[in-house]
Structure formats: structure tokens, C-alpha cells
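The values are calculated or read from the model by the stated rules, or taken from the named source; none is laboratory data. Worth saying up front: this structure is predicted, and the values here are computed from it rather than measured. No Cβ is skipped: glycine too gets one built from the backbone with ideal geometry, and neighbour counts run over all protein chains shown. SASA here: full protein model, heavy atoms, side chains in, ligands and nucleic acids out. Shrake-Rupley method; radii C 1.70, N 1.55, O 1.52, S 1.80 Å.
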Amino acid sequence: MLKALIFDLDGVIVTTEHNHFIAWKRTANSLGIDFEEEHNELLKGVSRVDSLKKILELGAKTISTEEFNELLISKNDFYVDSIQDLNQTDLLPGVLSLLQEAKSKGIKLGIGSSSKNANFILDKLAIRSYFEVVIDGNGVKDPKPHPEVFLNGAKALGLSPKDCMVFEDATSGIAAAKAGGFTAVGVGNPNIKAQADIYLNDLTEFRVEQYA
Ligand code: B16
Ligand code: MG
């Protein structure tokens with residue numbers, strides 16, 4: 001029985017993935033590393049620290065801890081600057097109506113994001129009040145593909161993973177959802193179609209009554 005929907009944020013609720021890409025491309029290029037959309041696919045849903053590690057691997061580069069930490073700060077400053085004007089019109093198709101419908105049917109709602117900027121983004125989008133729990137990159141020890149972020153979400157909602165659906169746009173997130181025993185719904189990224197339990201082009205395709 002479906003009791004809760006847990007949403008990834010970047011790429012499912014809002015298209016901030018392109019902003020992450022531009023910010024990481026700038027960081028990678030400053031290190032002399034080529035970075036294109038196909039490389040960015042590997043970073044979707046991946047924590048900030050692990051993303052920079054992957055970029056360094058890609059360029060077979062080693063840097064000091066000090067430089068590593070400075071790059072994390074400058075990437076985030078650039079990224080946060082680029083999303084200052086984010087607002088409710090930036091929500092992906094079907095998000096608002098799905099949140100409203102689920103809420104009216106008594107289905108609980110949560111966020112399970114790797115992003116440390118999740119609350120800032122939810123406030124910009126003016127949808128924070130829909131969610132009973134927001135688990136983000138600040139409260140998680142093991143990032144996606146580890147299931148911790150979603151398991152913490154289910155626990156905070158007082159539910160078992162089998163009663164929750166997880167909506168994700170990234171390989172790491174689908175892997176995390178499946179490892180945690182959730183139904184993994186892939187959204188808007190054809191690369192994860194085969195990996196997900198259910199696949200939707202966007203959230204307008206999801207029918208609550210089919211599962212509730
Ligand atoms: P931040 P999600 C993830 O958010 C993004 O997909 C990923 O590209 C980003 O590196 C990660 O958050 C960390 O974000 O730098 O803002 O803490 O898709 O899990 O909602
Ligand atoms: Mg995502």
C-alpha cells in the first residue's frame with residue numbers, strides 16, 4: 001500500500017542539474033580537465049565531495065587538501081549565485097499538482113536529496129510546506145548510491161520502505177532507492193529507464209490512484 005512519496009530534488013522537482021554542470025565545468029576547466037554533459041551524467045545525485053573526486057579521477061589529477069576544499073567552496077558559490085532567481089515557475093511539469101493531489105489523499109511527502117542546498121532551493125520554490133521531512137546532504141553520512149538518505153526519510157515518516165515510492169533522475173539515486181527496498185521511479189532521464197522499477201518522462205504521467 002502506498003503511504004508516502006519521497007522525491008529527489010535536483011532533476012526531479014527542479015532542473016538545477018544544468019547549473020551544477022556549468023559550475024563543475026568551470027571548476028574542471030580551471031584544472032585543465034575537459035568536462036562535458038556525458039561526464040556530468042556520472043555526477044548526478046552524487047555529493048559535492050564525491051563529485052570533485054570523480055572530476056579529478058577523470059583528469060588523472062591530484063591536488064592538495066587545501067586546494068580541494070577551496071574548489072568545493074568556489075564551485076558552490078558559483079552554483080548558488082546561478083540559482084538566485086529560482087522561483088515556482090521553475091518547477092518541473094506535474095510537480096505542483098502531484099504534491100497537491102498526494103497531500104489531499106493523505107499520502108505523506110518527503111525529500112531525499114544529496115544537496116546541502118536543498119532547504120534553500122525548497123524555500124525559493126515556495127514548496128517547503130508540502131514536505132513532512134527533508135533529508136539532505138547535511139544529515140547523511142553515506143551519500144547515494146548508499147540508501148541512507150531514503151532510509152532516514154522513511155524512518156522520519158514512521159514508515160517501512162516498502163510503503164514508499166522514491167522518485168529519482170540519477171543512476172546513483174535509483175541504486176540507493178533499490179538498495180533500501182523502495183519502489184524506484186525513474187523520472188526524465190532515459191539513461192535510467194532499464195534500472196528503474198517504473199519510468200516516467202515527467203511527473204504529469206504519474207497517477208496516484210493507480211497505487212493508493
Ligand atoms: P550540493 P539531488 C544532488 O542533488 C545533485 O544531483 C548533484 O548534482 C549535486 O552534486 C549534489 O546534489 C550535491 O549538491 O553541492 O548542492 O550540496 O539530485 O540528490 O537532489
Ligand atoms: Mg537528482
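If you check ASP81 against the conditions, is it among the acidic types (Asp, Glu), under 30 Å from SER30 (Cα atoms) and away from ligand 1 (no atom under 11 Å from the Cβ)? Criteria met by ASP81. Restricting attention to the range 143-183, which residues are under 16 Å from LEU5 (Cβ atoms) and within 13 Å of the chain's Cα centre (by Cα)? Of everything in the range 143-183, those that are under 16 Å from LEU5 (Cβ atoms) and within 13 Å of the chain's Cα centre (by Cα) turn out to be VAL149, PHE150, VAL166, PHE167, GLU168, ASP169, GLY173, ILE174, ALA176, ALA177.
Note on the range 85-115: among residues that are open to solvent by 80 Å² or more (accessible area, probe 1.4 Å) and out of contact with any helix residue (DSSP H, G or I) (no Cβ under 7 Å at 6 or more places or on another chain), the one that is farthest from SER47 (Cα to Cα) is SER104.
Consider the range 178-208 and keep the residues that are assigned to a helix (DSSP H, G or I) and touching a residue at least 60 places away in the same chain (Cβ under 8 Å). The one that is surrounded by the most Cβ atoms within 10 Å (Cβ to Cβ) is LEU203. If you filter the range 144-174 down to residues that are among the small types (Gly, Ala, Ser) and on the phi < 0 side of the Ramachandran plot, you find that the one that is farthest from ligand 1 (Cβ to nearest atom) is SER160.
Taking the criterion of being in contact with a Gly (Cβ under 8 Å, 6 or more places away or on another chain) and within 21 Å of VAL95 (Cβ to Cβ), the residues of the range 137-153 that qualify are LYS144, VAL149, PHE150, GLY153.
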